[in-house]
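The values are calculated or read from the model by the stated rules, or taken from the named source; none is laboratory data. Given the structure is predicted, the values throughout are model-derived calculations rather than measurements. As a convention, Cβ positions derive from the backbone with ideal geometry for all residues, glycine included, and neighbour counts pool all protein chains shown.
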Amino acid sequence: MTKKTGWLFLVVSLLPFLPLAIQASNTAEEGRIQAEIRKQLKQGEIIELDADGQQFIGIYQKSALPVTQGGVLIFHGLDQNPDSPSVIKPIRNLLTKSGWDTLALQMPIPSMDSSGTIFPELEVVYAVLASEAIARINAAVKFFEDKENNNLAIVGHGLGAN
């Protein structure tokens, strides 16, 4: 077994327990982004969701048409957020004009050390982030189900598309 294969095996075998040991997401940065969005949001409604006890936000925007096509979950990439003006916000607005309800989620942000480097080990952090992202996606699906909106689609940009 090579060193890389051994490391991968360790990460995969411990994946169910990693959320208990490490919180890979940078909740302080998410809080800063949330405050910024609350001050500047012009289109959509900030909703608060719960993913396995962890609070996070999404921006919900109702269809601009009288008949709704369904709901779209939107996932941003690295260094973006649910209201990023270059990609996510225009997608939200275009889809609502086309008859879709949208929910752009704040995806987990990797924790950094004081030098700005992802901490601790990249592979472990992304494994935990994937677990946190799945919990957030499940919360978003439940949000739409509670609205009896079951025709769902997913749009992802950058890392959010993986």
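Tell me which residues, restricted to the stretch 45-94, are acidic (Asp, Glu), within 15 Å of the chain's Cα centre (by Cα) and closer than 18 Å to GLN34 by Cα. Even if it seems obvious, please write down each step before you answer.
First, the residues of the stretch 45-94 that are acidic (Asp, Glu): 45, 48, 50, 52, 79, 83.
Then drop every residue that is not within 15 Å of the chain's Cα centre (by Cα), which leaves 48, 50, 52, 79, 83.
Passing the criteria: GLU48, ASP50, ASP79, ASP83.
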Item to check | Counted residues, the stretch 22-69 - those being farther than 22 Å from SER98 by Cβ, touching a residue at least 60 places away in the same chain (Cβ under 8 Å) and either touching an Asp or Glu at 6+ places or on another chain (Cβ under 9 Å) or not β-branched (Val, Ile, Thr) (or both) | outcome: 14
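Output the residues belonging to the stretch 1-33 that are modelled with pLDDT under 90, part of a helix (DSSP H, G or I) and under 17 Å from the mean Cα position of the chain (by Cα).
Keep residues of the stretch 1-33 that are modelled with pLDDT under 90, which gives 1-31, 33.
Of the ones still in play, those that are also part of a helix (DSSP H, G or I) are 3-21, 27-31, 33.
Selection gives PRO19, THR27, ALA28, GLU29, GLU30, GLY31, ILE33.
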Next on the checklist: Out of everything in the stretch 109-162 that is in contact with a helix residue (DSSP H, G or I) (Cβ under 8 Å, 6 or more places away or on another chain) and in a loop (DSSP other than H, G, I, E, B), what residue ends up being modelled with the lowest pLDDT?
Outcome noted: PHE119
